[in-house]
Amino acid sequence: MTKPHPYALGPWTVQNTETRYDNPWIRVEHSEVTHPDGTPGIYGVIRFANLAIGVLPIDEDGHVWLVGQHRFPADAYSWELPEGGSPRGEDPLAGAKRELQEETGYTAKDWHELSRFTISNSVTDEEAVCFIAAGLTPGQSAPDASEDLTVKRVSFHTLHEDVLNGSITDSLTIIMTLMAVQKALRGDLPPAISTLIKRQVA
């Protein structure tokens with residue numbers, strides 16, 4: 001919704017805002033502002049059309065699925081838990097189910113929310129919602145034709161070690177992995193899932 005200018009944004013005053021770039025996924029805004037101390041300044045914000053969605057799929061043997069792809073912004077190959085975007089207004093769980101099936105072919109019977117968090121909140125409004133999925137059934141993956149993905153199955157122990165040693169750098173994967181460990185140790189996940197994870201990190 002467009003706001004009349006100027007307007008207060010917490011301790012800031014927004015004098016005017018212009019859209020400098022827009023595509024189906026992001027919008028870049030440039031704002032003339034008055035800082036909380038009263039001095040004039042500028043602020044650039046990247047606004048996202050989608051929620052970031054992540055899924056940690058774990059099977060009865062304590063293995064998970066990682067998706068590998070070359071990430072354009074970083075010019076680097078990255079191994080990640082299944083993730084993607086869900087349009088704002090869509091149930092995040094529906095987006096998570098879609099991403100898991102598209103990237104790995106798997107569907108899951110049991111879903112539990114792991115975490116919600118903001119990503120780089122100094123310059124973007126991107127939010128993430130992440131889930132753990134169990135009771136997995138294999139099927140046919142259906143990635144976007146423009147994506148070149150590789151999928152591999154590894155133990156949760158390997159995933160956890162790769163997060164701790166820095167081999168995995170994707171933020172959603174790191175947060176999902178560490179949240180799963182902590183929630184398992186606290187008993188905040190279903191007992192069967194908690195036991196699988198605790199055995200892998202003992």
Item to check | Options (1) 16.5; (2) 13.4; (3) 10.2 - which one matches mean projected area of the Cα convex hull in nm² as calculated here | outcome: (2)
Item to check | Percentage relative contact order, the chain, counting C-alpha pairs under 8 Å, at least six apart | outcome: 19
Checklist entry - Karplus couplings for region 151-157 from phi (6.51 cos²θ - 1.76 cosθ + 1.60, θ = phi - 60°), rounded to Hz, Gly and Pro as x? => result 10, 9, 9, 9, 6, 4, 4
Checklist outcome for this item: Helix 191-201: inclination vs the chain longest Cα principal axis, degrees, rounded to 10, gives 90
Next on the checklist: In Å², and per residue, what accessible area does region 141-186 have when probed at 1.4 Å with the other protein chains present?
Outcome noted: 55
Checklist entry - Share of the chain's accessible area from carbon and sulfur, percent, 1.4 Å? => result 53
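Pairs of Cα atoms under 8 Å, at least six residues apart: use those to get the relative contact order of region 96-139, whole percent. Please report the intermediate quantities before stating the final value.
Details: 66 pairs, mean separation 19.7, N = 44.
The value is 45 percent.
Within 10 Å, count the other beta carbons around each residue, average over each peptide in 143-155, 44-56, 164-176, 109-121, and list them highest first.
Result, highest mean Cβ count within 10 Å first: 44-56, 164-176, 109-121, 143-155.
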Checklist entry - Using a 1.4 Å probe, what is the accessible area per residue for region 12-110, in Å²? => result 52
Checklist outcome for this item: the chain, Gaussian network, Cα under 10 Å: of HIS35, HIS157, HIS70, the residue fluctuating most is HIS35
Next on the checklist: List the lysines whose Cα sits under 23 Å from the Cα of LYS198, skipping any in the same chain fewer than 8 residues away.
Outcome noted: LYS109, LYS152, LYS183
Item to check | Helical contribution to [θ] at 222 nm, DSSP H n ≥ 4, -39,500 (n - 2.57), averaged over the chain, rounded to 500 | outcome: -7500 deg cm²/dmol
Item to check | Dipole moment magnitude, nearest 20 debye, region 3-108 about Cα centre, only Lys, Arg, Asp, Glu C-beta charged | outcome: 520
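The values are calculated or read from the model by the stated rules, or taken from the named source; none is laboratory data. Computed from a prediction, not measured in an experiment: that's the story for all the values here. Heads up, the Cβs are rebuilt from the backbone with ideal geometry, glycines too, and the neighbour counts pull from every protein chain shown. Keep in mind that these areas ignore ligands, DNA and RNA; they rest on the heavy atoms of the full protein, side chains included. Shrake-Rupley method; radii C 1.70, N 1.55, O 1.52, S 1.80 Å.
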